[in-house]
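Input: a single structure, listed below in structure tokens.
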Amino acid sequence: MGCYRIQLVAIVSFMLLLPNTQGWGEEGHAIVCKIAQARLSTAAAEAVKKLLPKSANNDLSSKCSWADNVRVVFPWSSPLHFADTPDNVCKYKDTRDCLDHKTGTKGRCVVAAITNYTNQLLDYGSETKSKYNLTQSLLFLSHFMGDIHQPLHCGFVSDRGGNDITVHWYKRKQNLHHVWDSSIIETELERFYDDLDDFVDAIQKNITKVWADEVEEWENCSNDDTSCPVPYASESAKDACKWAYEGATEDSVLEDDYFFSRFPIVNLRLAQGGVRLAATLNRIFDTQFAMSV
Ligand SMILES: [Zn+2]
């Protein structure tokens, strides 16, 4: 057991050192983290810099898919990436939907994970050393804040959030979940932008112009909570029905009609994910900073 644990620690530590290669699913997470890091307060930016592994070079986006990469070594973390609802129920309900569907264990979903890792990070800066690995807490929180804004991470249980629906993305055979994780974003990159930073710039411009009046509402949590993931899951469940599943059944061919009506939703969700990740990190670390002075 002890030996196994040492090996596990060694593998995870090694993975923290590895540079992440860009691949399927990484762009969306990187965009969320780039938007977030640019909006951090001084205290939060400092804390993130200290918590990131050296190999990240103070670039949160480079480690934003770490949580996906450690699914094999942390099998317990797999159910934490999503919160699916019963079929055709377009609403997330915490008491019903937050569980590991394989074991039935309650509280094992992306919503509870965001609350959990937020609470762990509140240990940052306290006099007694935290029992948690706060680097991992930061990387999990940053990743899950992206996941919860992807509508099909709050899709239906029976098709595993669209993973079991095969469609054609233009000429390519793909599952619907993957279309929303990656294909829409990649088609945007191919058609509209020079690179990922150009894409991020465009979203940031929309945040300061088109969505300027809504941003404060995105950032706020009711009851002065440090994080508030339940409404984010509800929005995703609603979008899953209205936009992701609509017109996309088994063997559907999804082309320009689907792409042009859905990419603005993807962009909005990426923006909200980034703004809310920053707001949450600012609340976490500004509180710690205020307590320490
Ligand atoms: Zn994930």
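Side notes on the structure shown:
- Taking the criterion of being touching a helix residue (DSSP H, G or I) at 6+ places or on another chain (Cβ under 6 Å) and either surrounded by fewer than 15 Cβ atoms within 10 Å (Cβ to Cβ) or assigned to a loop (DSSP other than H, G, I, E, B) (or both), the residues of region 71-100 that qualify are 71, 73, 82, 83, 90, 91, 92, 98, 100.
- Scope region 32-70; condition more than 16 Å from the ligand (Cβ to nearest atom) and outside any helix (DSSP H, G or I); matching residues: 38, 39, 40, 41, 52, 53, 57, 58, 59
- Within region 102-118, the set of residues being farther than 18 Å from residue 85 by Cβ and within 16 Å of the ligand (Cβ to nearest atom) comprises 116, 117.
- Residue match in region 36-45 (condition: within 13 Å of residue 140 (Cβ to Cβ) and crowded, with 21+ Cβ neighbours inside 10 Å): no
- Scanning region 101-131 for residues that are in a helix (DSSP H, G or I) and within 19 Å of residue 156 (Cβ to Cβ) returns 110, 111.
- Residues that are assigned to a strand (DSSP E or B) and either surrounded by 14 or more Cβ atoms within 10 Å (Cβ to Cβ) or of a type in the set (A, V, I, L, M, F, W, C) (or both) within region 167-194 comprise 167, 168, 169, 174, 175, listed in sequence order.
- Restricting 236, 227 to those that are assigned to a helix (DSSP H, G or I) and either under 23 Å from the mean Cα position of the chain (by Cα) or buried (at least 18 other Cβ atoms within 10 Å of the Cβ) (or both) reduces the list to 236.
- Residue in region 140-153 that is away from the ligand (no atom under 16 Å from the Cβ) and buried (at least 22 other Cβ atoms within 10 Å of the Cβ) present: no
- Failed criterion for residue 163 (all others in (1) part of a loop (DSSP other than H, G, I, E, B); (2) touching a Lys or Arg at 6+ places or on another chain (Cβ under 7 Å) hold): (2)
- In summary, residue 200 fulfils each of the numbered conditions (1) of a type in the set (A, V, I, L, M, F, W, C); (2) crowded, with 17+ Cβ neighbours inside 10 Å; (3) closer than 21 Å to residue 83 by Cα with the single exception of condition (3).
- Top-ranked residue of region 154-166 - restricted to ones that are buried (at least 20 other Cβ atoms within 10 Å of the Cβ) and more than 16 Å from the ligand (Cβ to nearest atom), ranked as nearest to residue 25 (Cα to Cα): 165
- In the set (1) without any contact (Cβ under 8 Å) to a residue 12 or more places away in the chain; (2) in contact with a Phe, Trp or Tyr (Cβ under 8 Å, 6 or more places away or on another chain); (3) among the aliphatic types (A, V, I, L, M), the condition left unmet by residue 110 is number (1).
Read-outs throughout are calculated quantities, based only on the coordinates presented, and are distinct from any laboratory measurement. Keep in mind the model is a prediction, meaning the values are calculated, not measured. Reconstructed Cβ throughout: ideal geometry from the backbone, glycine too, with neighbour counts over all protein chains shown.
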